[in-house]
Structures are given as C-alpha cells and as structure tokens.
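What follows is one structure encoded as structure tokens, with my remarks underneath.
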Amino acid sequence: MGFLRIRTTVDERPGRLASLASALAERGGNILGLSVQSDTGGTVDEFVADIPAGPEVVREALEAAGGREVRVVPATAHELTDEPTRVLLLASRLRTMPWRLPELLAELLRADDARWIYGDAVSDLPDPTRLIVPVAAKRAVRLRRAELPFTLTEAARAAALARLAQPAAGQMGVERAVKLSDGVEVTVRPLTSIYREAVRDLHDRCSPESRRFRYFTAMPTLPPHMFDRLCDRNRGHSLVAGHDGQVVAMANLMFTPDPGIAEMAFLVEDRWQGRGLGVAMARMLVRAARDLGYAEVRATMLSDNARMRRLLVSLGATLGYTDDPGVVEARLPVGAMAAV
C-alpha cells in the first residue's frame, strides 16, 4: 500500500502502545514515525508507517489490539522529516513573516484550510474537524482538516506557535497584583523556599475541612519533602498569594508522566474564600500550563468540594467520576483559556 498516517485513541494503560505496534508488525508494517498526544477521549497514538496492508485491514487490526476511533489516511515521504526540525523552521519563518500565521499553522498541523476570522465569529466550535486558534480578543485563525480531527495536544501546539506572532508577554516569574471582588489587593508570586514558614502558618490557619479538600486528609502541617517538591521548578509551577505579610493562598501546577497533561490544586485560607482569589490563581496556572506547552490541566477533588467544582466549571472544565465514587476529576483544555 505504501505510507499511511494512522491515528487511534487508547486507554491510558501500560502495554497498549506495544500491542498496537505488534498489530502493525504482523501486517508487515514498518513504523517510521510515532507521536503520543492528549485528547478528551484518552491518549492518542499516531503512527506514520510503511505498510503493504490496506487502510481497512489496518483499522481492523488496531481495533482488535485495543484501539478506538481508528483513522487511517494516506501519507507521503515528506511527512517523515524530523518533526522538531520542521517546527523550528516554521517558527523561524513566523518570526520574520508574522502576517503568514494562518499558512504556517496549516503547515504545522497539516490542515486543509486556514484563514483569519474576526469579530463575534471568534469562538470555540464543537466541530473536531475545525480548530480556532485565538490571537487577540476578537481575532483568530480557523483551521479545517476533514480526515483527522484535531487533538488537544495539536491545539496547544498551535497556540504556542501563535504566541510567536504576538507581543512578548510577562514572564511567569514576575509578581502580579490581583484585586479581589471586594476591592482588596493581594500580590501573587512564585513559590520558593523562602515561604516555608509562611506556608506552614497558612496550614495552621486553615480549617481541617479546607485542608481535607486540598490533601484528601486533614493534614495539619505540610511535610518538608512535599514543600520542597512544590518548589521544584522541574516538577511544576506553584504560586502563593500574600497580603499584609501573610501567605493567604497557595496554588500548584504539577507536571505528570502523561504527555501534555498537568495537574493543579489549591489551598485558600477560609476567610479569603469566595472573593475571587481561587479563580484568579487558577487562570494564572492555566496560562502557565499553556506557555509550558501542556494541552490539558486536570484537577482531582472530593465530590463534596462544591466550591472547587463550581470554580473549575466556570473556567470551562468538564467533570467526571473516577473509580472512587467519592472523587471527581475535572479536565480543562488549555485552549479554553487561550484568550484570557
């Protein structure tokens, strides 16, 4: 048959990728390219393979190996170029010709069509074959690709490339003043080791229920090794909010082994809850996840944590139950916050 681009959604379980590769090998396939992406339905494995079998045979083989929503389309030898090199070349072209953003986004995602859209048309569309990449409040690029739906990871890649055509944003390490709903102003800064005692005091002032919502147990103090992990910039990006010499809230974005996914959690002192501080810090974490190249932010919470559930739903997250009936998982695509 020749070169094929093969995409399938799989459950996030060990051994799934090996099963798919074995199924392709049994049909005489030689895998020449592989990428792993995040999407709403699970992990998406995408192969470029030289395989004599036809698309229908390949689809049936991968479905038998545990794949879901298998799609097989023709590919060319041009698609075998080194992907990081290809992206860097596109970024270099964009820096010198930012007005060609739609064309370069189309090349990045191998889209069928790309064009500017303006005004009220700049909105999220529920069609997986169309992708809206926000560039400004009422300006975006709309991409279309008929044969392969866009994934969350591809949306994150497109948003990252589009950032190169925009004015430079402030660095994540810079402090920021936030005015709450009642007019009080707090200062949000990156969490570092100098806040060890202040974070300990925050835990002392929080009620057992607030600590239980954050840690799933009424943890009276934060163990030193856990605090050090939250400060480690190789493991995540954490923030603290301060007022009048005290840390009144902490927000954590932690990297995960899953491709394109980060997890966030919050601890807000009781008397500061319901004033907009959690929402403001959540927006900061999602923007940080976007800038770091993540496609999705998740949060795991106790099912009776109504305040946290409302907060995440207000940001565009979807909620789903886990294997534990008392635990809920929220999933928020960073693209939903790209224009915030």
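Points worth noting:
- Evaluated at q = 0.23, 0.30 Å⁻¹: base-10 log I(q)/I(0), Debye formula over Cα of the stretch 16-79: -1.03, -1.63
- Seen against the Cα atoms of the chain and their longest principal axis, helix 16-26 is set at about 10 degrees.
- Largest-first ordering by accessible area, 1.4 Å probe, given options 281, 226: 226, 281
- Part-to-part distance (alpha-carbon centres) for the stretch 192-212 and the stretch 96-110, which is given in Å: 46 Å
- Nearest-ten-degree value, helix 55-64 long axis tilted from longest Cα axis of the chain: 40 degrees
- Calculated from backbone phi, Karplus (6.51, -1.76, 1.60) coupling profile of the stretch 74-91 in Hz, x at Gly/Pro: x, 10, 10, 4, 4, 6, 8, 5, 4, 5, x, 5, 4, 5, 5, 5, 5, 4
- Calculated on alpha-carbon atoms, Rg and Dmax of the chain in Å: 22.2, 69
- For the stretch 172-285, the square roots a ≥ b ≥ c of the C-alpha gyration tensor eigenvalues yield an a/c under 1.5, which makes the shape rounded.
- Axis of helix 152-163 versus longest Cα principal axis of the chain: the two differ by about 80°, to the nearest ten degrees.
- Adding -39500 (n - 2.57) for every DSSP H run of four residues or longer, then dividing by how many residues the chain holds, sets the calculated 222 nm ellipticity at -9500 deg cm²/dmol.
- Between the stretch 251-306 and the stretch 43-60, the Cα center-to-center distance that results, in Å: 37 Å
- Once divided by 2.2 N^0.38 Å, the Cα radius of gyration of the stretch 26-158 becomes 1.17.
The values are calculated or read from the model by the stated rules, or taken from the named source; none is laboratory data. Just so we're clear, the structure is a prediction, and the values are computed from it rather than from any experiment. Just the protein is used for accessible areas: all its heavy atoms, side chains included, with ligands, DNA and RNA removed. Shrake-Rupley method; radii C 1.70, N 1.55, O 1.52, S 1.80 Å.
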